[in-house]
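*Asks:* Can you read through this structure? Questions will come right after.
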Amino acid sequence: MVALPWGRSAGRGATADRVTGDRSGRARLTILALVVFVMLAAIASLGTGAAGVSLGDVLVKWLSGEVLSVRDRVVLFDIRLPRLLTGMLVGASLAVSGAVMQGLFRNPLADPGIVGVGAGAGLGAVLAIVLGAFLPPAILAVAGMHLVPLAAFFGGWATTLILYRVSTRAGRTSVATMLLAGIALGALSGALTGILVYIADDQQLRDLTFWGLGSLAGASWAKLAAAAPIMVLALLVAPMLARALNGLALGEGAAAHLGIAVQRMKNLAILTVAAATGAAVAVSGGIGFIGIVVPHLLRLVMGPDHRFLLPAAALLGAGLLLLADIISRLIIAPAELPIGIVTAVLGGPVFLWILLRRRGIVDM
Amino acid sequence: MLEACDISVTLGRKQVLHGAGLKAEPGAMTVIVGPNGSGKTTLLRAITGDLACRGSVTLDRQDMHALPPHALAERRAVLPQASVLAFPFTVLEVVRLGLTGRIALRPDAAQLPTRALERVGLAGYGGRFFQELSGGEQARAQLARVLLQVWEPVQDGTPRWLFLDEPVAALDIGHQLQVMQLARRFAQDGGGVIAVMHDLNLTAMFADRVVLMLDGRVLAQGTVQEVLTDQNLSRAYGCRLRVSSPPAQGATYILPQAAEMA
Ligand SMILES: Nc1ncnc2c1ncn2[C@@H]1O[C@H](COP(=O)(O)OP(=O)(O)OP(=O)(O)O)[C@@H](O)[C@H]1O
Ligand SMILES: [Mg+2]
């Protein structure tokens, strides 16, 4: 369990909250600043790409009433816009599912990517791609284009459920058990995924490689339409969990005494994590560290109150993923780096820094 | 009135409570005492609905466990024996978690957490991190949160209840008296208090009713004079105890009873 916080002094921003301990004003300001940040990142993202179409030029043309060239229109509306929206939704989903999972497990190290939920979702997606054709036609008809994200959701859900059962006893979560069980579940999902890849046919292999790149390069309106409803739903449900997650920080018993329907909220939290992670993995493969770094940075700035943390995480996650995507498109232009590599290179050191700051404070 | 009848609880393979029961009235302070492991915490947790149990718990003849969590939270607040906190909340943010239900709708709701902190002697501590408080300060901060949840001892004519598991165990004698007076005032204002205590002197001073437990059963319950007798205490605690007899001359003893209270 966590014995001490890793923030050293309250209100290091030297504002009035050092005295009162009320950080809600600062949280609101942060959220406002993040809205601006996301808008700027979105504009930058629309203006970046291999095609060399400049947003300024297009804007000037459009304002002067000139007709856009087919090329400009295709680049902006069929390539960059779906990529922008996918990036924002994926970033928001990953960050929010991280924050929800950390609240649920009462531990800032719980992250869907680290504890195998991402791998479980990946297994679900690969299962759907390889064996989907064998499903009864009725199910295929109902799932339609949502089959892969739905399968990823179920994979993530099963993993989260198992993880929670294994690592939580009498309302207390053991960090060591959670991390170790996560490694085991991740390895198992990885192995099963490997077997599936082995038996896949050529067409499926192409689909799998494309999907597994961990990249937004394949973003399209079709893929977005398949996964976006699930991510949007998860993002809308998450704020309803805020009060329950705050209460859970005091332990399950105390949360119940505060009037929270603990079991129902826990189930809802697990579903939310699985939906957000599953859909994000289904469109973009594995993109690491957003789910752990974003909530952590935000807690340092505005405290752990989930009423503010969850919306702020969605915004910062969206903005950071857009930035990472821009970097991935610029750094070896005109080629492009999978975004998963960029988030790992940036997020890995931050994660290590988090661990270092907590060393000696966490009792595994 | 709160009535727990014939409560039996099995934890793991061990039957911890064997048909224990108690009665408590609003407007009075009921204190549960007994040796370690006698089942005080378990009885409290069975009553508050933390643990599944056989037997019945009724609040004004209503089955308490049938109430949904939010309705129950309006009627009673619970201070657990040990508390944990994940994430670096400030003291004020912890106390503010108690601002739930109808109390949050009061026009002065935003000031209440600070006032709750003042009541437990933690004025000015709001901006500190909860985990950086001392053990006793943490205990009082949690008490402030619990007090906030049932800020008015009587709401719309219905008494509200405080369940306190060893509220003063971590406190110095001055703060012990302060917290006991808080609890007493809550009861005097019409609320109900059920507290688990180890300190028999404080119990004798503040309790209106005492429940003495031993081995998962209630050995005796009644007024202080009826329950805290040489015979009952010697039997419960396994050592020969004598009530109201000062130690041999020259020995130092400091009793809360001797304090001059404001
Ligand atoms: N989770 C558990 N599983 C098995 N036995 C338990 C569990 N919790 C408590 N017990 C046992 O139940 C008995 C009563 O415990 P309880 O915590 O109610 O005692 P208590 O009277 O509150 O003691 P203390 O004065 O030390 O707080 C003890 O013998 C304890 O060992
Ligand atoms: Mg106890």
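*Asks:* Of the residues B:19, B:39, B:34, which is in contact with a Ser or Thr (Cβ under 7 Å, 6 or more places away or on another chain) and within 16 Å of ligand 1 (Cβ to nearest atom)?
*Replies:* B:19
*Asks:* Considering each of A:110, A:125, A:133 in turn, give the residue that is assigned to a helix (DSSP H, G or I) and closer than 30 Å to residue A:263 by Cα.
*Replies:* Step by step, each of A:110, A:125, A:133 is checked, and only A:125 is assigned to a helix (DSSP H, G or I) and closer than 30 Å to residue A:263 by Cα.
*Asks:* Further question: Filter the range B:154-170 down to residues that are within 14 Å of chain A (Cβ to nearest Cβ) and either within 16 Å of ligand 1 (Cβ to nearest atom) or touching a Pro at 6+ places or on another chain (Cβ under 7 Å) (or both), then give me how many there are.
*Replies:* The total comes to 4.
*Asks:* With the requirement that a residue be modelled with pLDDT of 90 or more, within 7 Å of chain A (Cβ to nearest Cβ), in contact with a helix residue (DSSP H, G or I) (Cβ under 7 Å, 6 or more places away or on another chain) and assigned to a helix (DSSP H, G or I), what does the range B:89-115 give you?
*Replies:* Within the range B:89-115, B:91, B:92 qualify.
*Asks:* Using the structure shown, decide if residue B:195 is of a type in the set (Gly, Ala, Ser), surrounded by 21 or more Cβ atoms within 10 Å (Cβ to Cβ) and within 16 Å of ligand 2 (Cβ to nearest atom).
*Replies:* So residue B:195 passes the test.
*Asks:* Mind checking which pairs have a first residue in the range A:224-250 that is under 20 Å from residue A:266 (Cβ atoms) and a second that is part of a helix (DSSP H, G or I) and basic (Lys, Arg), Cβ under 6 Å, 6 or more apart or different chains?
*Replies:* Hits for this filter: A:242/A:307.
*Asks:* Return yes or no: is residue B:27 at pLDDT 90 or above and away from ligand 1 (no atom under 15 Å from the Cβ)?
*Replies:* yes
*Asks:* In the range B:12-49, which residues are touching a Leu at 6+ places or on another chain (Cβ under 8 Å), in a strand (DSSP E or B) and away from ligand 2 (no atom under 13 Å from the Cβ)?
*Replies:* Hits for the range B:12-49 are B:20, B:22, B:23, B:24, B:30.
*Asks:* Let me ask you something else. May I ask you to list the residues in the range B:140-162 that are open to solvent by 30 Å² or more (accessible area, probe 1.4 Å) and either within 17 Å of residue B:194 (Cα to Cα) or touching a Ser or Thr at 6+ places or on another chain (Cβ under 7 Å) (or both)?
*Replies:* Once the filter is applied, which keeps residues that are open to solvent by 30 Å² or more (accessible area, probe 1.4 Å) and either within 17 Å of residue B:194 (Cα to Cα) or touching a Ser or Thr at 6+ places or on another chain (Cβ under 7 Å) (or both), the range B:140-162 yields B:152, B:154, B:158.
*Asks:* Can you pull out every residue in the range A:189-211 that is open to solvent by 70 Å² or more (accessible area, probe 1.4 Å) and free of Cβ contacts under 8 Å to residues at least 60 places away in the same chain?
*Replies:* Scanning the range A:189-211 gives A:195, A:198, A:201, A:202, A:203, A:206, A:209, A:210.
*Asks:* A further question follows. I need the full set of residues from the range B:55-78 which are of a type in the set (Val, Ile, Thr) and either closer than 20 Å to residue B:221 by Cβ or near ligand 1 (Cβ under 8 Å from one of its atoms) (or both), in order please.
*Replies:* B:57, B:58
*Asks:* Quickly run through the range A:302-317 and pick out the residues that are open to solvent by less than 10 Å² (accessible area, probe 1.4 Å) and away from chain B (no Cβ under 14 Å).
*Replies:* Across the range A:302-317, the qualifying residues are A:312, A:317.
*Asks:* Oh, and also: Looking at the range B:63-78, can you tell me whether even one residue there is away from ligand 2 (no atom under 16 Å from the Cβ), out of contact with any His (no Cβ under 9 Å at 6 or more places or on another chain) and in a loop (DSSP other than H, G, I, E, B)?
*Replies:* Yes: the range B:63-78 contains one or more residues that are away from ligand 2 (no atom under 16 Å from the Cβ), out of contact with any His (no Cβ under 9 Å at 6 or more places or on another chain) and in a loop (DSSP other than H, G, I, E, B).
*Asks:* Could you pull out the residue among A:329, A:307, A:264, A:299 that is under 30 Å from residue B:164 (Cβ atoms) and touching a residue at least 60 places away in the same chain (Cβ under 8 Å)?
*Replies:* Sole residue among the options that is under 30 Å from residue B:164 (Cβ atoms) and touching a residue at least 60 places away in the same chain (Cβ under 8 Å): A:307.
*Asks:* Looking at B:214, B:228 in this structure, which one is within 16 Å of ligand 1 (Cβ to nearest atom) and surrounded by 13 or more Cβ atoms within 10 Å (Cβ to Cβ)?
*Replies:* Every option except B:214 fails the conditions.
*Asks:* Hey, another quick one. Going through the range B:64-88 one residue at a time, which ones are open to solvent by 50 Å² or more (accessible area, probe 1.4 Å), out of contact with any Ser or Thr (no Cβ under 7 Å at 6 or more places or on another chain) and either within 16 Å of residue B:130 (Cα to Cα) or more than 7 Å from chain A (Cβ to nearest Cβ) (or both)?
*Replies:* Those that are open to solvent by 50 Å² or more (accessible area, probe 1.4 Å), out of contact with any Ser or Thr (no Cβ under 7 Å at 6 or more places or on another chain) and either within 16 Å of residue B:130 (Cα to Cα) or more than 7 Å from chain A (Cβ to nearest Cβ) (or both): B:65, B:66, B:68, B:82, B:83.
*Asks:* So which of B:118, B:137 is assigned to a helix (DSSP H, G or I), farther than 22 Å from residue B:196 by Cα and open to solvent by 20 Å² or more (accessible area, probe 1.4 Å)?
*Replies:* Only one candidate passes the filter, namely B:118.
*Asks:* Return a yes/no flag: does the range A:167-178 have any residue that is among the aliphatic types (A, V, I, L, M) and loosely packed, with under 15 Cβ neighbours inside 10 Å.
*Replies:* yes
*Asks:* Against the definition (within 14 Å of chain A (Cβ to nearest Cβ), closer than 24 Å to residue B:141 by Cβ and either within 16 Å of ligand 1 (Cβ to nearest atom) or at pLDDT below 95 (or both)), how does residue B:199 come out, yes or no?
*Replies:* It is false that residue B:199 is within 14 Å of chain A (Cβ to nearest Cβ), closer than 24 Å to residue B:141 by Cβ and either within 16 Å of ligand 1 (Cβ to nearest atom) or at pLDDT below 95 (or both).
*Asks:* Starting from residues that are more than 17 Å from residue A:259 (Cβ to Cβ) and among the hydroxyl-bearing types (Ser, Thr, Tyr), keep the ones in the range B:89-115 and report whichever is most open to solvent (accessible area, probe 1.4 Å).
*Replies:* Within the range B:89-115, the match that is most open to solvent (accessible area, probe 1.4 Å) is B:114.
*Asks:* Counting just the residues of the range B:42-54 that are open to solvent by 50 Å² or more (accessible area, probe 1.4 Å) and farther than 25 Å from residue B:185 by Cα, which one comes out farthest from ligand 1 (Cβ to nearest atom)?
*Replies:* Among those residues, the one meeting the criterion is B:54.
The values are calculated or read from the model by the stated rules, or taken from the named source; none is laboratory data. Given the structure is predicted, the values throughout are model-derived calculations rather than measurements. Neighbour counts are summed over all protein chains in view; Cβ atoms, including those assigned to glycine, are modelled from backbone coordinates with ideal geometry. The area values use the complete protein model at the heavy-atom level, side chains included, leaving out ligands, DNA and RNA. Shrake-Rupley method; radii C 1.70, N 1.55, O 1.52, S 1.80 Å.
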